[in-house]
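**Student:** The structure's right below; bear with me while I get my questions together.
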Amino acid sequence: MISNRIVLLSKLGIIKTAFWGMMLAVLTTGCHDRSNQSNQTVTTVEEDTVSLVTPDSLTSEMSEEAERGVVLNQVKNIYRLLRAEYMIRGGSYENELFDKVFCSKSWNNLLMTVRYKEEQTGTLFFEIDHWSMTRYSGTLPSFDEFEVEYVDLLSPVKRASVAFTVYEDDTYTPARVDLVYEDGRWVIDNFHNLKYMIDVRSAMWNYVAHPYII
């Protein structure tokens with residue numbers, strides 16, 4: 001009888017050991033599964049976050065960089081044509097056709113107002129060529145070191161600024177043009193002489209308001 005009990009208890013011990021071994025295996029597997037699922041979830045969230053943020057950021061940066069190239073080429077081409085015209089004429093001279101073709105409607109309207117005031121008052125506003133920042137002396141200026149300083153593509157009216165240097169004989173003048181996007185292309189809306197801190201558009205408005213003040 002005693003021997004039978006011993007055998008029965010041994011069998012029960014083996015069964016309990018096997019049972020707890022199986023439970024431990026199940027629990028361990030469950031933990032690993034939950035850990036893997038958690039890692040997969042974190043990875044998925046990170047991947048989703050990258051996919052949502054990075055393309056928009058890259059697209060915006062690429063769009064602005066591409067537009068900077070367009071603006072720079074536009075200004076370079078305008079001044080390349082201007083210099084070619086100066087070479088034909090033997091130096092800088094007044095040429096309103098460049099304003100008509102390459103400047104904004106707002107600029108041309110203001111220019112016509114200035115011309116009207118000049119005629120009515122017998123005064124002269126443009127004593128220098130606002131394109132080359134030089135006097136009409138017959139010298140041949142050159143233009144170099146073009147650099148886009150500013151581009152705004154988010155405002156209702158797109159705007160940009162390009163700085164460059166005007167070289168004339170043994171002198172040079174830092175300059176800048178402001179541009180607006182109008183009728184599908186970039187056009188010049190203002191000229192700045194950075195050597196003497198002259199804002200040409202502001203000076204034109206001042207002249208229109210006070211005809212005898214240059």
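The values are calculated or read from the model by the stated rules, or taken from the named source; none is laboratory data. Given the structure is predicted, the values throughout are model-derived calculations rather than measurements. Cβ coordinates were reconstructed from backbone atoms using ideal geometry, including for glycine residues, and neighbour counts include every protein chain displayed. The area values use the complete protein model at the heavy-atom level, side chains included, leaving out ligands, DNA and RNA. Shrake-Rupley method; radii C 1.70, N 1.55, O 1.52, S 1.80 Å.
**Student:** Which of the aspartates and glutamates could a cross-linker bridge to Lys76, judged by Cα under 16 Å and excluding same-chain residues fewer than eight apart?
**Tutor:** Filter leaves Glu67, Glu85, Asp99, Asp144, Glu145, Glu147, Glu149, Asp178, Asp189.
**Student:** With a 1.4 Å probe and every protein chain kept in, tell me what percent of the accessible surface of segment 130-203 is carbon plus sulfur. Could you put the intermediate results ahead of the total?
**Tutor:** Details: 1880 of 3790 Å².
On segment 130-203, the fraction of accessible area on carbon and sulfur atoms equals 50 percent.
**Student:** Here's a follow-up. Which FRET efficiency, nearest 0.05, do Glu65 and Tyr172 yield, Cβ-Cβ r, R0 30 Å? Write down the numbers at each step before the final one.
**Tutor:** Details: r = 29 Å, r/R0 = 0.96.
That gives a FRET efficiency of 0.55.
**Student:** Considering only protein heavy atoms, what per residue accessible area in square angstrom results for segment 97-177 with a 1.4 angstrom probe?
**Tutor:** Working: 4360 Å² over 81 residues.
Per residue, segment 97-177 has 54 Å² of solvent-accessible surface.
**Student:** For the residue pair Glu118 and Glu147, what label-to-label distance in nm results when each label sits 7 Å from Cα along the Cα-to-beta-carbon direction?
**Tutor:** Taking the simple label geometry, Glu118 and Glu147 are separated by 3.3 nm.
**Student:** Another one. From the alpha carbon gyration tensor of segment 147-214, can you work out the equivalent ellipsoid semi-axes (sqrt of 5 times each eigenvalue) and give them in Å, largest to smallest? Please list the in-between numbers first.
**Tutor:** Values: eigenvalues 110, 78, 16 Å².
Whole-Å semi-axes of the equivalent ellipsoid: 23, 20, 9.
**Student:** How many percent of Cα pairs in segment 73-214 exceed 27 Å? Could the numbers behind the result be given before it?
**Tutor:** Details: 1921 of 10011 pairs.
Of all Cα-Cα distances in segment 73-214, 19 percent exceed 27 Å.
**Student:** Another question, if that's okay. When the Cα centres of segment 84-136 and segment 139-177 are compared, how far apart do they sit, in Å?
**Tutor:** 17 Å
**Student:** If we sort 189-198, 79-88, 113-122 on the protection proxy, mean other Cβ atoms within 10 Å, highest first, what's the order? If you can, show how the numbers build up before the last one.
**Tutor:** Values: 189-198: 16.6, 79-88: 14.7, 113-122: 12.6.
Per-residue mean Cβ counts within 10 Å order the peptides as 189-198, 79-88, 113-122.
**Student:** Give, in nm to one decimal, the length gained when the segment between Tyr93 and Lys105 is fully stretched (0.36 nm per residue of separation minus the Cα-Cα distance).
**Tutor:** Values: separation 12, 0.36 × 12 = 4.32 nm, distance 2.19 nm.
Extra length from Tyr93 to Lys105 when fully extended: 2.1 nm.
**Student:** For Ala209 and Ala84 in one chain, what is 0.36 nm times their gap in residues minus the Cα-Cα distance, to one decimal in nm?
**Tutor:** On the way: separation 125, 0.36 × 125 = 45.00 nm, distance 3.55 nm.
Between Ala209 and Ala84, full extension yields 41.5 nm more.
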